Amino acid sequence: MSEAALGDTATHCPYCALQCGTLLTATGPEAADVAAASVPAAVPAADFPAVAVRPDPDFPVNLGGLCQKGWTAPELLGVADRLRVPLVHGRPASWDEALDVVAAGLRRVQERHGKDATAVFGSGSLTNEKAYLLGKFARVALGTSQIDYNGRFCMSSAAAASNAAFGIDRGLPFPVTDLGSADVVLIAGGNPAETMPPLMRHLEHPRLIVIDPRRTRTAAQAALHLQPAPGTDLALALGLLHVVVAEGLTDAAYIGQRTHGFEAAWSRALSWWPEHTERVTGVPAVLLREAARMLAGADRAYILTGRGAEQHSKGTDTVAAFVNLALALGLPGRVGSGFGCLTGQGNGQGGRELGQKADQLPGYRSIADPAARAHVAAVWGVDPASLPGPGRSAVELLGALGRDVHALLVFGSNPVVSAPDAGRVRERLSALELLVVSDFVPSETAALADVVLPVAQWAEEEGTMTSLEGRVLRRRRALTPPPGVRTDLEVLSALAGRLGFDEAAFPASPPAVFEELRAATRGGRADYSGISYARLETGEALYWPCPEGSPGTPRLFLDRFAHPDGRAVFAPVDHRDAAELPSDLYPLLATTGRVLAQYQSGAQTRRIPALVKASGAECFVEVHPDTAERAGLADGDRAWVRSVRGNTQAVVRYEGSLRPDTVFLPFHFAAEGSANLLTNPALDPVSRMPEFKVCAVRLEAVGTR
Ligand code: SF4
């Protein structure tokens, strides 16, 4: 029976793609005064959040659990430096003045340089309604092709590989709860024990095989941990496929009946016999064979990828190699088995299928497809010929700032910290004629902005999110936003009006936007047309594709894959080196990732005292003790980590389980200690994913030159 009480608001955590169910309870002013006594003096009592959070026991994904980020999420509502008034060149301004400055700046830039000189940078944290309206605003109100979002850094390689293999991309094409009945789960480059801890409750029964250069908390719980050198996951996947085929462990009937292209894929894996794979990856051949046999011997098995496998200049091929392995074993499209990707951002899934990606229109439609353009243009009431074509991907867009692009609107993203080669990104942002940031905290990117627009956040707004399993969820409002704050939808509507468009065509009401979104996605690969707020309010679990009248699709591919002939497609992929290899000057491999108590660029979680206490307040670098000693560094020392692109300071943490050739830095920190000052913007040729997960660095004691 539900423990929800009258007055509870059932909603979801503001952070990751697991979208844990939560119940928010208003605590009132008296309760807030009491609670404020136990929080740091920097948080004014009047600003202390007036809600308490607890897990929703009826939501099956988190099974009554939350991680520390979820438990502390209410504090985000009342952080001391919460934005409450628009800023124009750093001084407080009225909303009318701020929006007038933005509209005039956009018009001025377009008159001087053309429509594509204005650009939009969105986020995988925005609700579906915001992501949809942002795409429409860019293509209709600005008439620009220049829109992309930070999800490009998150999911794009897995999306590209899944689309090619299966004809559709949904992070997990099955409910999270299915994982619990598996015998074996292989996780390549994912660390859910830190990034989404409640997911581990579904992984208590299966034996885990974890592929990760680091002995993460997830790897520590695994039956088998394979520890390849950064940048060699693709070779490892080829080696696993080699063992499966060479030992006759494939599902030949499945390959024959449900797939194409096995022979071509196998021809690439042919040379990856285990001892050769060991030489390239560093993973012992004996462990490789053991992993392949464990996976192939399971009745029910899943293969999951995370950012560790995906954030490479060969990320698409790396994911494709793991898909090949899954197809060879006959896993995708079988109940209790499958292939999936652990999406990271809260709305990473919905964010990429509703129109804020450079090459897509709502419904996961290609912007280059004439039929798709005609359908969406009809919903928008515009001439299809007026819709711009594909724009630049995120890294390429950031690189064009101050060159071809002179005005940028940023919604819910902090690229100064989260983009690769972050020093260059700061330079490019500073070269703009107009930078506008819509956010609820003064992020590092907002600090550079000409205009900052203060907006509502999770517990103050209505909308929907689509979780990593493709389930559409209601985000519900438990609090009134603070005075002076508007919603992103209100911002877009008002800006469209100032640019000469009918504000009614850019509605500020989430239900109205969702109704339009349903029509725009109708018939698309990600079809939301059968989903409504009314159905969601009844508690229905609705997974896309959900055409009108449909119960939704919790499990994809059971009968057929989404290609016209119903078959999945093997990809003939082979290993290649990372874009940057160690050298005499930069002899170590750096890799980056998340820690339990922080989230993404840290703009939100670095403002929560309990989370800072748990993670530490500054960047650290994990180093094998032998490697550190060779660099003259002791545990706790402050070090310079240098790459060819930049330098960052970090506190040395000895980590004996790390490979001696590898160091690890979390990417949540800013200023002098920012991991992305080092990272390589080299792009995957298909997904345009940058190579966050491997670059060449050296370590020096601070003070050394
Ligand atoms: Fe929130 Fe993700 Fe933690 Fe769940 S696992 S509480 S969704 S951050």
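The values are calculated or read from the model by the stated rules, or taken from the named source; none is laboratory data. As the structure is a computational prediction, the values presented were derived from the model and not from experiment. Note: ideal-geometry Cβ built from the backbone for every residue, glycine included; neighbour counts use all protein chains shown. Remember, those area values only see protein heavy atoms, side chains included, never the ligands or the DNA or RNA. Shrake-Rupley method; radii C 1.70, N 1.55, O 1.52, S 1.80 Å.
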- Between residue 621 and residues 5 or more places away or on another chain, the pairs with built amide H atoms under 5 Å apart involve 651, 652, 653
- Query: Got the relative contact order for region 388-502 handy, in percent, Cα pairs under 8 Å and 6 or more residues apart?
  - Reply: 18 percent
- Charge context of residue 551, other residues only, Cβ under 11 angstrom, K/R +1, D/E -1: 0
- Taking r as the C-beta separation of residue 181 and residue 430 and R0 as 60 Å, the FRET efficiency to the nearest 0.05 is 0.70
- Extension gain (nm, one decimal) between residue 548 and residue 285, 0.36 nm per residue minus Cα-Cα: 89.6 nm
- Query: What list of ³J(HN,Hα) values in whole Hz, one per residue of region 194-205 in order, does the Karplus curve 6.51 cos²θ - 1.76 cosθ + 1.60 (θ = phi - 60°) give from phi, with Gly and Pro shown as x?
  - Reply: 9, 7, 8, x, x, 4, 5, 5, 7, 10, 6, 7
- Message: Run the numbers for residue 501 and residue 565: contour at 0.36 nm per residue of separation, minus the present Cα-Cα distance, in nm.
- Response: 18.7 nm
- Message: Can you list residues from other chains, or at least 5 along the same chain, whose modelled amide H is less than 5 Å from the amide H of residue 526?
- Response: 364
- Task: Can you pull the one-decimal nm distance between simple spin-label points at residue 534 and residue 111, each 7 Å off the Cα toward Cβ?
- Result: 4.8 nm
- Message: What's the whole-number percent of alpha carbon pairs in region 334-419 lying beyond 14 angstrom?
- Response: 74 percent
- Message: Student exercise: in the chain, how many lysine pairs 8 or more apart or on different chains have Cα atoms under 15 Å apart?
- Response: 5
- Over the chain, with neighbouring protein chains present, the accessible area per residue in Å² at probe 1.4 Å is 33 Å²
- Would you please calculate the Kirkwood hydrodynamic radius of region 183-300 over all C-alpha pairs and express it in Å, rounded to one decimal? 14.9 Å
- Message: Restricting to Cα atoms and excluding each atom paired with itself, what does the Kirkwood estimate give for the chain in Å?
- Response: 25.6 Å
- To the nearest Å, what is the center-to-center distance of region 622-642 and region 336-367, using C-alpha atoms only? 40 Å
- Item | By average C-beta atoms within 10 angstrom, highest first, the peptides 657-668, 373-384, 185-196, 125-136 | 125-136, 185-196, 657-668, 373-384
- Message: Could you work out what % of the accessible surface of the chain is carbon and sulfur, using a 1.4 angstrom probe and leaving DNA, RNA and ligands out of the count?
- Response: 53 percent
- Message: Output wanted: per-residue J couplings in Hz (rounded whole) for region 465-477, from phi through Karplus 6.51 cos²θ - 1.76 cosθ + 1.60, θ = phi - 60°, x for Gly and Pro.
- Response: 10, 10, 7, 4, 9, x, 8, 8, 10, 8, 8, 10, 7
- Message: Given bins 10 angstrom wide, list per bin the percent of all Cα-Cα distances in region 282-438, short to long.
- Response: 9, 24, 29, 22, 12, 4, 0
- Quick one: in region 53-138, what % of C-alpha pairs are over 17 Å apart? 72 percent
- Query: Each residue of region 685-698 in turn: what ³J(HN,Hα) in whole Hz from Karplus with 6.51, -1.76, 1.60 and θ = phi - 60°, glycine and Pro shown as x?
  - Reply: x, 9, 8, 6, 6, x, 8, 5, 8, 7, 8, 8, 9, 9
- residue 120's amide H: which non-local residues (gap 5+, or another chain) put their own amide H closer than 5 Å, with H modeled 1.01 Å from N in plane and none for Pro or chain starts? 147, 148, 409
- Message: Restricting to Cα pairs below 8 Å that are 6+ residues apart, what does the relative contact order work out to for region 553-702? Please round to a whole percent.
- Response: 31 percent
- Hull surface divided by four, with the convex hull built on the Cα atoms of region 497-555: how many nm²? 4.8 nm²
- If we count every other residue with Cβ under 9 angstrom of residue 333's Cβ, Lys/Arg +1 and Asp/Glu -1, where does the sum land? +3
- Message: For the chain, what does the relative contact order come out to in percent, with C-alpha contacts under 8 Å and a separation of six or more?
- Response: 18 percent
- Beta carbons within 10 angstrom, averaged per residue: use that to sort the peptides 556-564, 19-27, 156-164, highest first. 156-164, 19-27, 556-564
- Message: Between residue 614 and residue 359, what is 0.36 nm times their sequence separation minus the Cα-Cα distance? Round to one decimal in nm.
- Response: 87.8 nm
